[in-house]
1. What tally of residues in segment B:169-188 results from selecting those that are part of a helix (DSSP H, G or I) and more than 7 Å from chain A (Cβ to nearest Cβ)?
2. Considering only segment A:18-54, state which residues are of a type in the set (A, V, I, L, M, F, W, C) and within 11 Å of another protein chain (Cβ to nearest Cβ).
3. Let me confirm something: among B:Asp229, B:Asp202, which residue is acidic (Asp, Glu), farther than 27 Å from B:Pro32 by Cα and within 14 Å of chain A (Cβ to nearest Cβ)?
4. Among the residues of segment B:93-151, write down those that are within 30 Å of B:Ala283 (Cβ to Cβ), over 24 Å from the mean Cα position of the chain (by Cα) and within 12 Å of chain A (Cβ to nearest Cβ).
5. Counting just the residues of segment B:26-45 that are more than 14 Å from chain A (Cβ to nearest Cβ) and closer than 28 Å to A:Ser255 by Cβ, which one comes out farthest from the chain's Cα centre (by Cα)?
6. Would you check if there is a residue in segment A:304-324 being aromatic (Phe, Trp, Tyr), at pLDDT 85 or above, surrounded by fewer than 19 Cβ atoms within 10 Å (Cβ to Cβ) and within 27 Å of B:Ile269 (Cβ to Cβ)?
7. Residues that are aliphatic (A, V, I, L, M) and within 12 Å of another protein chain (Cβ to nearest Cβ), at least 3 per element: which helices (runs of 4 or more DSSP H) completely within segment A:335-440 meet that?
8. Filter segment A:327-384 for residues that are at pLDDT 85 or above and small (Gly, Ala, Ser) and give the result.
Amino acid sequence: MFAIRYWSIVILVVAAAVGFFLWTTTGTGGRFDFKLGLDLSGGTQLVYSTDTSKVAPADLPDALVALHQVIERRVNAFGVGEPLVQTEQGGALGTGEYRLVVELPGVTDVNEAVRRIGETPQLEFMLVRAGQENNLVDAEGNAIADSYETTGLTGTYLSKASLQFGNGGTGVQMPVVRVDFNSEGAELFGTITSANVGRLLAIFLDGKLISAPVIQDRITDGTAIISGNFTAEQARETVRNLNLGALPLPIALQSTQTVGASLGEEAVRAGLVAGIVGFIALAVFMILWYRLPGLVAVVSLFIYVLLMLAIFKLIPVVLTAAGLAGFILSIGLAVDANVLIAERLKEELAAGKKAQDAIREGFARAWLAIRDSNIAHIIAAVILFWFATSLIKGFALVFGLGVVVSMLTAITVSRTFMLALGLNEKSKLGRFLMLSGLRNK
Amino acid sequence: MNISKNLKYFFILPALLSVAAVAALAVWGLKPGIDLSGGSLMQVTYNGERPLVAQIQALAKPLELGEVRVQPADEASYIIRTKALSNEEHNNLLTVLGGLGSVTEDQFTTVGPIIGQELLQKAWIAIALVVLATILFIAFAFRGVSKPVASWKYGVVAIVTLLHDILLPTGLFAALGYFVGAEVDSLFIVALLTILGISINDTIVIFDRIRENLTRGDASGKNFEHIVDMSIRQTITRSVTTSLTVIIMLVALYFLGPEATKNFSLTLIVGMVAGTYSSIFLASPLLVVWQRWQKN
C-alpha cells in the first residue's frame with residue numbers, strides 16, 4: 001500500500017513538472033514552443049516535380065541531393081522562420097517521379113517565393129565579337145549585348161568550382177575562381193579555345209560581366225581561371241554560388257498552397273476551444289457514469305494530454321489542422337481503456353472479489369482487449385501515415401502516438417491511482433464509488 | 001433481448017441505410033475535392049461590400065480559366081474553384097477580384113492533375129491494405145477458435161460490418177455533394193480509414209467475448225446463439241460508452257473546431273455511430289445466421 005501511494009505521488013509530481021515545462025515554454029518562440037504547420041501559422045507550400053530524364057540513373061541520387069541543397073540554400077535566403085525542403089518520390093507506390101516539397105512559413109506572397117526559388121545563377125562563357133574589344137560595357141558598367149556571341153558553354157557543364165590564389169599577371173597573390181568542367185564541357189571548351197586563339201572570352205555570372213581574358217592557347221584540361229579582382233570574400237561567395245547555384249535538375253511547379261495568417265490563427269483558436277469544451281464534456285460524463293474510476297480516468301486523461309503536448313514539443317511534431325483533429329479524437333479514444341477496466345472491475349466485484357483484488361484482476365483481464373484494439377489502431381495509423389500528404393501526415397502521427405501514450409497512461413497511471421485510493425468493498429460508499437451507471441448493484 | 005429471435009429486425013436498419021447509400025452513390029456520385037482531382041481553390045475576403053457572384057464570373061470570363069465556380073462563405077468571403085491555375089493565371093484572377101473592391105486572399109491552393117490522380121490511387125491502395133490487414137489480424141486473433149464457427153468467418157463478418165460502416169458516411173457525402181456541394185477530399189479518405197481502425201475495435205471486443213464464453217467450461221451444452229446473446233449483453237454498455245466518449249470529442253470538434261476539419265469530423269461521427277450499431281446488431285447476428293444456415 002505504501003509503495004503504491006508513493007508511486008502515485010511520484011506520478012503527480014512528474015505530471016506537475018511536465019505541466020510546468022509546458023507552461024513556461026509555450027508562446028516563447030523558443031526551441032520548445034509548439035511548431036505550427038502552414039495551415040495554422042500561415043505560409044506557403046510549393047510542390048515541384050523534377051525532370052530526371054536527362055540524368056543517368058547512377059547519378060540520380062547525387063543530383064537529387066544537390067538539387068535539395070540548392071533549393072534549401074535559396075529558401076534559407078528568404079530569412080523566414082524554419083523553412084522546410086523535402087525530396088520525396090511520387091507515384092501511388094512511391095516509385096514515380098521525384099518531387100520537391102518546399103514549405104515557407106510566414107510567406108504568403110507566392111509570386112515572390114516562386115520567383116526566388118526558380119532563380120538560377122547563370123555562369124556563361126561568351127566570345128567577344130571581332131572589333132568590339134574596347135566596347136564591352138556601357139557607361140554604367142552594364143555589358144553591351146551586341147558585343148558578344150554565345151558559345152553554348154554554360155554552368156550546366158560545370159563539375160565544380162574552387163577557390164585559388166594566383167597572380168593575375170601582376171605578381172600579387174589574388175583570390176581567383178577555378179572552374180572545372182565535366183568531360184563534355186572540357187571538350188567544348190577545348191574546341192572553343194582552339195578555334196579562337198587571340199580573341200577575348202567573356203565570363204558572365206548572372207548576366208554580369210566578370211572578366212574577359214584573352215585566349216592564349218587551346219585549353220584541353222577543362223579548367224578555367226576566373227580572375228576578376230575579387231576580394232577573398234567575393235571569390236568565396238562566387239565559388240559557393242557556382243557549386244550550389246545551378247539547378248542540377250529542371251523543376252516545374254506542380255501545386256501550391258497558401259494560407260493567410262488570420263485564417264490559421266482562427267483555426268488554432270477554434271481547435272483549442274473544441275478541445276477544451278470536448279474534454280470538459282467528456283470529464284463530466286465519465287465522472288457521472290463511472291464515479292470514482294471515472295474520476296481516476298479523467299485525472300489520467302489529463303496526464304495523457306500533458307504528456308502528449310510535451311511530446312509534441314520534444315520531437316517536435318508539426319501541428320496542423322488535421323493533427324489537432326487527430327489529437328482531439330485521440331482524447332476520446334484514450335479513455336477507451338479506462339472504460340474497459342471500469343466495466344471489468346464491476347464484474348469482478350459482482351463475482352465477490354475484494355476491492356484491491358478486483359482492481360488488479362480487472363486491469364489484468366482488460367489488458368487483452370486493450371492490446372487488440374490498440375494493435376488495430378496502430379495498423380490504421382501506419383497505413384494513414386503512408387497515404388497522407390505532408391499536412392495530413394500530422395493526423396496519422398498524432399493518432400499513432402496517442403494510441404501508444406494512452407495505453408501507457410491507462411494501464412499504469414489509472415491502475416496506480418485506483419489501488420492507491422485504498423477502497424473498501426464492504427463500506428457502502430466504497431461500493432457506490434466503484435460501480436457505474438444508474439443502478440447501484 | 002433475444003438476438004436469435006429478433007434477427008430480422010436488426011438487419012432492417014443497416015440494410016435500408018446501405019441501400020440508400022448505394023443509391024445515393026449511384027445517382028449522385030461523389031464530388032472529388034481539388035486535392036484528388038486537381039484544380040485550384042481560392043478563398044478571398046472583401047473588406048467592404050462583397051460584389052455579386054455574377055460580377056466576378058463576368059470579369060473572370062475574358063481570362064479563359066474554364067469554369068469558375070464562386071461560392072459565398074461567411075459574410076464577406078468567397079470560395080472560388082477553377083481548373084489548376086498557373087501562377088500567372090492566379091495573378092490575373094486576383095487582379096480582377098481586386099478591381100471589385102479591397103480584397104485579401106485568405107488561402108490559395110492549386111493541385112496539378114497528376115498529383116491528384118496519384119493521391120486517389122493511393123487512397124484505393126490504402127483502403128485495400130487496411131481491409132487486408134484487418135482480415136489477417138482478426139484471423140490471427142481468433143486462430144484458436146474453430147468451433148462451431150471457423151476463425152476466418154469472424155474475419156469475413158468483420159469486413160462486411162466495416163464496409164457497412166464506411167458505406168454510410170460515403171453515401172451521406174454523395175447526398176451532401178448533391179444538395180450543398182460538399183466535396184470529398186483526402187481528409188475524407190483519412191476519416192474513412194480511421195473509421196475502419198476504430199470500428200473494428202468494437203467488433204473485436206464482442207467477438208473476443210464470444211471467444212471467451214465459448215472456451216469457458218460452463219459454455220458446454222449451451223448453443224452458439226445463446227452464447228452470442230450472452231456476449232452481446234455483457235459488452236453492450238462498454239461498446240456504447242467507448243463510442244460515446246469518442247463521439248463527444250468529435251461533436252465538439254464539429255461544432256467548435258476549425259472550418260478545415262468540419263467535414264472530417266462529420267464523416268467520423270456518422271462512421272462511429274454506424275460502427276457502434278453494426279458491431280452490436282450486425283456483426284454477431286451475421287455470425288449466428290451464417291452458422292444456422294450452414295447447419296441446415
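The values are calculated or read from the model by the stated rules, or taken from the named source; none is laboratory data. The shown structure was predicted, so the numbers you read here are calculated from the model rather than taken from an experiment. Quick reminder, even Gly has a Cβ in these numbers, built from the backbone with ideal geometry, and neighbours come from all protein chains shown.
1. Our first condition is that a residue be part of a helix (DSSP H, G or I); within segment B:169-188, this holds for B:169-180, B:186-188.
With more than 7 Å from chain A (Cβ to nearest Cβ) added as a condition, the list becomes B:169-180, B:188.
The number of residues fulfilling the criteria is 13.
2. Taking segment A:18-54 and keeping what is of a type in the set (A, V, I, L, M, F, W, C), we get A:18, A:20-23, A:32, A:34, A:36, A:38, A:40, A:46-47.
Scanning segment A:18-54 gives A:Leu38, A:Leu40, A:Leu46, A:Val47.
3. Details: B:Asp229 fails: within 14 Å of chain A (Cβ to nearest Cβ).
Result of the check over B:Asp229, B:Asp202: B:Asp202.
4. Those that are within 30 Å of B:Ala283 (Cβ to Cβ), over 24 Å from the mean Cα position of the chain (by Cα) and within 12 Å of chain A (Cβ to nearest Cβ): B:Phe140, B:Ala141, B:Phe142.
5. B:Trp28
6. Kept after step one, since they are aromatic (Phe, Trp, Tyr), are these residues of segment A:304-324: A:304, A:312.
Now restrict to residues that are at pLDDT 85 or above: A:304, A:312.
Within this subset, residues satisfying the condition of being surrounded by fewer than 19 Cβ atoms within 10 Å (Cβ to Cβ) are none.
So far as segment A:304-324 goes, no, none of its residues is aromatic (Phe, Trp, Tyr), at pLDDT 85 or above, surrounded by fewer than 19 Cβ atoms within 10 Å (Cβ to Cβ) and within 27 Å of B:Ile269 (Cβ to Cβ).
7. Numbers: elements: A:336-350, A:355-387, A:390-408, A:415-420, A:428-434.
So the answer is A:336-350, A:355-387, A:390-408.
8. A:Ser330, A:Gly332, A:Ala334, A:Ala381 - these are the residues of segment A:327-384 that are at pLDDT 85 or above and small (Gly, Ala, Ser).
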